[in-house]
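The values are calculated or read from the model by the stated rules, or taken from the named source; none is laboratory data. Note that the structure is a prediction, hence the values are computed from the model and not measured. Cβ placement follows ideal geometry from the backbone for every residue including glycine, while neighbour counts extend to all protein chains displayed.
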Amino acid sequence: MMIKGMQLAVRLVLFVLILIAGTASALVVGETTGTAMANLADVSVQAMARATSDNVLYAALTGGNQPTGIYRSSDNGMTWQLVSSGPGAVINVLAVHPTQPERIYAGTTGGAVEVASSLWYSDDGGVTWRRFGLGLPANAYGIVPAVTALAVDRARPEVLYVGTEGQGVYRFHTERNHYELVGGLSLYNAYVRGLVIAPDGKLYAVTNTGAFVNSSGDVWQPLENLPEMPVSLAVAPGTPQILYAGGSSMGISRSIDGGQSWQMVNNGIAMVPGAALRVTALAVDENDANHIVAATVWGLGGRLVGSTLYESRSGGLSWAKVADVQGIVHRITFNQGVLYAATANGLVRLGETTPSAPMPLLTDWAKLRNPTGVQILVLILTLALASLVLAWRREWFIQRKSCSAC
């Protein structure tokens, strides 16, 4: 009896080990590449987004020394893996659902209404992509506009704001599959560069004609009294009355009254006589409203040169140079104290190092909620082998050996 009990215990251990190994194998084959990259250097990062929980980041690559597609990091940007080739169109912008980190939205180029869709979603962390049942309205020429900006309303996660190239801003109810043109036709012909949702619910839009705010949904109000045309905008996370605007030639300005008045805050930022100081991106740390990062370039003779990252720990009152960057920064984000800057020459990561990533079995199990065909096959074979080990009898082998000797 003791021997039989030991044999059963051994089979149970083997059963569990086979299940663990098979599940891990299914997770590995679910990735497009089997090995992770240490960083995203020397690649063109077209878009970037982070999940509001965990250490998950997503990036869309187009060109460079890595294949085009959607990349995912589960360790706060320390390593990256290619998860899919994407939705099949050039991605302009990414956004992640605030409570469902596996749901990603992608805004892409537009085209003829018969064949084009410029808004896509993924429910499995970027592995597979689908169009929404209802696409963006086409213009009078039958062209679906490109999606150039996205913002998910954290207070109402089912609401997605969609900025377009030439058709203004739409409010998209993802569960009802319903679009509304925000503010009527007031921004209908505008190119929307960015969208920001403030903690008080106000929606800000940065366009080629200026910056606007929408409080009620009925009308867009211009942010007046700005020193110049803005190209980037950020809102303090805990104090929605504090705004930062990145200008096209004069640097950074700040408002402490919700955009009613502005003052320049360039102390510590290098100035070059005769050169325009353009602020291409701004971001405020959600965990520290006084911590701001700005990306700048110089405009010289029709060219943009000298990309630099600056940091302020005083709410913009003073700045310190963080790093020179190869390529123009078009997106900055924070995640757990680490700064990420996306450029056409790679992803710049600055800040504290993070611990090594946990085993994929512990962090990426959600990928098996929507398994691929290969993953299903691996899981079936794993279960069959584990069951065979658990149910195996010595008599089967002895009987087969005896029959072969007959």
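Being closer than 20 Å to ALA106 by Cα, surrounded by 14 or more Cβ atoms within 10 Å (Cβ to Cβ), small (Gly, Ala, Ser) and out of contact with any Phe, Trp or Tyr (no Cβ under 7 Å at 6 or more places or on another chain) is true for just one of GLY194, GLY166. Which residue is that? Outline the logic, then answer.
Values: GLY166 fails: out of contact with any Phe, Trp or Tyr (no Cβ under 7 Å at 6 or more places or on another chain).
After ruling out the rest, the residue left standing is GLY194.
Would you point out the residue of the range 101-123, among those that are among the hydrophobic types (A, V, I, L, M, F, W, C) and assigned to a loop (DSSP other than H, G, I, E, B), that is surrounded by the most Cβ atoms within 10 Å (Cβ to Cβ)? Only one residue tops the list, namely ALA116.
For (1) free of Cβ contacts under 8 Å to residues at least 40 places away in the same chain; (2) in contact with a Leu (Cβ under 7 Å, 6 or more places away or on another chain); (3) under 21 Å from VAL113 (Cα atoms); (4) surrounded by 15 or more Cβ atoms within 10 Å (Cβ to Cβ), each residue gets a yes or a no:
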position	(1), (2), (3), (4)
GLY125	no, no, no, yes
LEU134	no, no, yes, no
HIS173	yes, no, yes, no
GLY184	yes, no, no, no
ALA190	yes, no, yes, yes
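For the range 206-213, the criterion of being buried (at least 19 other Cβ atoms within 10 Å of the Cβ), in contact (Cβ under 8 Å) with a residue 60 or more places away in the chain and either under 28 Å from LEU94 (Cβ atoms) or of a type outside the set (D, E, K, R) (or both) is met by none of the residues.
Out of ALA295, ALA270, one residue alone is in contact (Cβ under 8 Å) with a residue 40 or more places away in the chain, part of a strand (DSSP E or B) and in the same structural domain as GLY210 (by TED's automatic domain parsing). It is ALA295.
Among the residues of the range 73-98, those identified as under 14 Å from TYR340 (Cα atoms) and outside any loop (DSSP other than H, G, I, E, B) are SER73, TRP80. Residues in the range 83-118 that are of a type in the set (D, E, K, R) and touching a Lys or Arg at 6+ places or on another chain (Cβ under 8 Å): GLU102 only.
The residue that is nearest to the chain's Cα centre (by Cα), among those in the range 290-334 that are at pLDDT 95 or above, of a type in the set (A, V, I, L, M) and surrounded by fewer than 18 Cβ atoms within 10 Å (Cβ to Cβ), is ALA320. Counting only strands (runs of 3 or more DSSP E) that fall entirely inside the range 163-258 and contain at least 3 residues that are at pLDDT 95 or above and farther than 21 Å from SER314 by Cα, the qualifying elements are 192-197, 203-207, 210-214.
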